[in-house]
Amino acid sequence: MDKQALYKVWKEEETQAHIKGWDFSHIYHRYKEENDLPWDFKTIIHTYLKDDMKLLDMETGGGEFLLSLNHPYNNTSAIEGYKPNVEYCKEVLLPLRIDFKEADGEEILPFEKESFDLITNRHGAYNIAELTRVLKKDGLFITQQVGAENDKELIHLLQPELTTFAYSKHYLDFQKQEFINHGFEIIECGETFRPIYFYDVGALVWFARIIEWEFPGFSVDTHLENLYKAQEMLEKHGFIEGSIHRFYIVVKKK
């Protein structure tokens, strides 16, 4: 495919870069990540979660992961602050009688003191002081986070002008110490770096536009020459490879 044809394909991917909830089905089979983490986050949660527990899922996206936990709806609450997802959650979660509220994880949570036995957070923001307030005594917070060095090779490929990480404090050791400083007990944790693969550049364009906090200011027109470099890598190796950075923590409120 010549450069003009590639440009047209990539521009089309750019126009389609929007999602409802956290649905990456547009590029399923065109990229691969998180298939070989050394832990399974859902399994970790189910190790601790019991049906009679009051559960809060923070920054729930479209509620996809929350619903996959199959927790009794009458004991389930959720928050989400991203406006398109908020409306989607209202359509999906409220009819199930899940206690959904619009809120960002870093803000004051719209719940009473000591409301929850367990709080989950997958790739979302959180405020440790608020976790302390809304968790019951011996309550648990379980989170899987995207680390500071996530997608660093892809960022360098597309936007070499970016020299700092978006979330520079997102390392396991730093976050563990923050919880300890707030009086939490560390129950278990882990951190890993694993590969991410893209099998066409259009999928990478779509991804970079969706993950805009990692690729700020990226567009096909502003970074076209770097996309051609990515195409050369793809044609040479059959894929474009980067790395993901993940960690998880289970902590208990003392």
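Pairing residues of region 1-13 that are part of a loop (DSSP other than H, G, I, E, B) and at pLDDT 95 or above with residues that are small (Gly, Ala, Ser) and exposed (fewer than 11 other Cβ atoms within 10 Å of the Cβ), at Cβ distances under 8 Å and at least 6 apart in sequence or on separate chains, gives no pairs at all. In this structure, is Val201 buried (at least 17 other Cβ atoms within 10 Å of the Cβ) and over 20 Å from the mean Cα position of the chain (by Cα)? So Val201 passes the test.
What's the total number of residues in region 68-95 that are touching a residue at least 24 places away in the same chain (Cβ under 8 Å) and of a type outside the set (Val, Ile, Thr)?
Residues of region 68-95 touching a residue at least 24 places away in the same chain (Cβ under 8 Å): 68-69, 73, 75, 77, 79, 81, 84-85, 88-89, 92-93.
This time we only want the ones that are of a type outside the set (Val, Ile, Thr), so: 68-69, 73, 75, 77, 81, 84-85, 88-89, 93.
Qualifying residue count, region 68-95: 11.
So which residues in region 130-139 are in a strand (DSSP E or B) and of a type in the set (D, E, K, R)? Selection gives Lys136, Lys137, Asp138. For Asp151, the stated conditions hold: it is acidic (Asp, Glu) and either under 30 Å from Ser219 (Cα atoms) or crowded, with 20+ Cβ neighbours inside 10 Å (or both). Scanning region 185-204 for residues that are in contact with a helix residue (DSSP H, G or I) (Cβ under 8 Å, 6 or more places away or on another chain) and over 19 Å from Lys152 (Cα atoms) returns Ile186, Glu188, Cys189, Gly190.
Within the bounds of region 213-226, is there any residue that is touching an Asp or Glu at 6+ places or on another chain (Cβ under 7 Å), within 21 Å of Gly147 (Cα to Cα) and aromatic (Phe, Trp, Tyr)? No, region 213-226 contains no residue that is touching an Asp or Glu at 6+ places or on another chain (Cβ under 7 Å), within 21 Å of Gly147 (Cα to Cα) and aromatic (Phe, Trp, Tyr). If you filter region 181-198 down to residues that are hydrophobic (A, V, I, L, M, F, W, C) and within 12 Å of Ile249 (Cα to Cα), you find that the one that is surrounded by the most Cβ atoms within 10 Å (Cβ to Cβ) is Phe184. Out of the residues in region 212-241 meeting the condition of being under 22 Å from His170 (Cβ atoms) and buried (at least 20 other Cβ atoms within 10 Å of the Cβ), tell me which one is nearest to the chain's Cα centre (by Cα). Across region 212-241, the extreme among qualifying residues is Glu214. Scanning region 98-134 for residues that are β-branched (Val, Ile, Thr) and in contact (Cβ under 8 Å) with a residue 40 or more places away in the chain, we see that the one that is nearest to Thr60 (Cα to Cα) is Thr120.
The values are calculated or read from the model by the stated rules, or taken from the named source; none is laboratory data. Keep in mind that what you see is a predicted model, and the values were worked out from it rather than measured. All Cβ positions, even for glycine, are placed from backbone atoms using ideal geometry, and neighbour counts span all protein chains on display.
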